[in-house]
1. In Å, the Kirkwood hydrodynamic radius of segment 69-227 over pairs of distinct alpha carbons?
2. Apply the Karplus parameterisation 6.51 cos²θ - 1.76 cosθ + 1.60, with θ equal to phi minus 60°, to every residue of segment 145-159 and state each ³J(HN,Hα) to the nearest whole Hz, in sequence, with x for glycine and proline.
3. How much of the accessible area of segment 134-256, probe 1.4 Å, is carbon plus sulfur, in whole percent?
4. Using only the alpha carbons, work out the radius of gyration and Dmax of segment 137-218 in angstrom.
5. With a 1.4 Å probe and every protein chain left in place, tell me how much accessible area Ser115 has, in Å² to the nearest 10.
6. Could you order Arg221, Arg71 so the one with the most accessible surface comes first? Probe is 1.4 Å.
7. His156's amide H: which non-local residues (gap 5+, or another chain) put their own amide H closer than 5 Å, with H modeled 1.01 Å from N in plane and none for Pro or chain starts?
8. Mind checking the per residue accessible area of segment 88-197 for me, 1.4 Å probe, whole number of Å²?
Amino acid sequence: MSTVATTRDTNTGSVPAPSPAPDHAPGAPGGSAGPGGRAPGSASRRGAGPGPASGPGAGTGDADRATGAGRAFAWLLVVTGAAGVLAAWVITLDKFRLLEDPTYTPGCSLNPVVSCGSVMKSAQAAVFGFPNPMLGLVAYGMVVAIGAGLLAGARHRRWFWLGLQAGTLFGVGFCAWLAQQSLYVINALCLWCCLAWVATAVMFWAVTAYNVGRGHLPAPRAVRRLLGEFPWVPPVLHLGAVGMLVLTRWWDFWTG
């Protein structure tokens, strides 16, 4: 008998199925090409859905996403931090001169009310066992560095921004206590201290507005709207209240 064209399997007696044709052209690396000549592994991601937002203001609910800041906010940190460094530097130098010569009169001691020397000699000027401005040199210097980093494109995670918030909160609280002591206990003002108070208040409210706006700091909708549309209102009210306290505390002196 002649040999049959299709050979049966000697064990099972079945005819083996023909091998499937290759689904890609010979010599093409990787998997099969899809429609239009694109391989599935390198296909366009247009249909895969958008990835994580990368803009500074996108996805404020993502606590792990690093965010940057605009140039205006970064410059505000640099300027207010530099003002604080200047005030702390001058007060530190005058404090050293007072330690060398107890009869030294600082240049900002202008009258019985504006008397930097009286403030520098008080116990409140060294709350932590060393002159307060030495703490200011470090703290305000850090703020300048943060602002400079933001100008260079730095981005930070939520924990960093909350740390900055806590630092500015401590600063504004400490300045408020020093202002109360100056007005009602020491009974004298230091002009360089006043510069530090103003810089710290502006810095605190700017950081607060930023953190609330980016969702790092939870706040009611009314507060978010206020800080988003009128961020200048809280620092103006804050400094206005301090100015009124200074004005009324020595009203007879200012008007005499």
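The values are calculated or read from the model by the stated rules, or taken from the named source; none is laboratory data. On a predicted model such as this, the values are computed, not experimentally measured, just so you know. The accessibility values were calculated without ligands, DNA or RNA, using every heavy atom of the protein model including side chains. Shrake-Rupley method; radii C 1.70, N 1.55, O 1.52, S 1.80 Å.
1. Averaging 1/r across every pair of different Cα atoms and inverting gives 16.6 Å.
2. My calculation for segment 145-159 gives 5, 5, x, 5, x, 5, 5, 7, x, 5, 10, 10, 7, 4, 4 Hz in order.
3. Carbon with sulfur: 73 percent of the solvent-accessible area.
4. 14.5, 45
5. Its accessible surface works out to 20 Å², give or take rounding.
6. Correct descending sequence by accessible area is Arg221, Arg71.
7. Residues meeting the criterion, in which the H sits 1.01 Å from N, are Thr67, Gly68.
8. Per-residue value: 50 Å².
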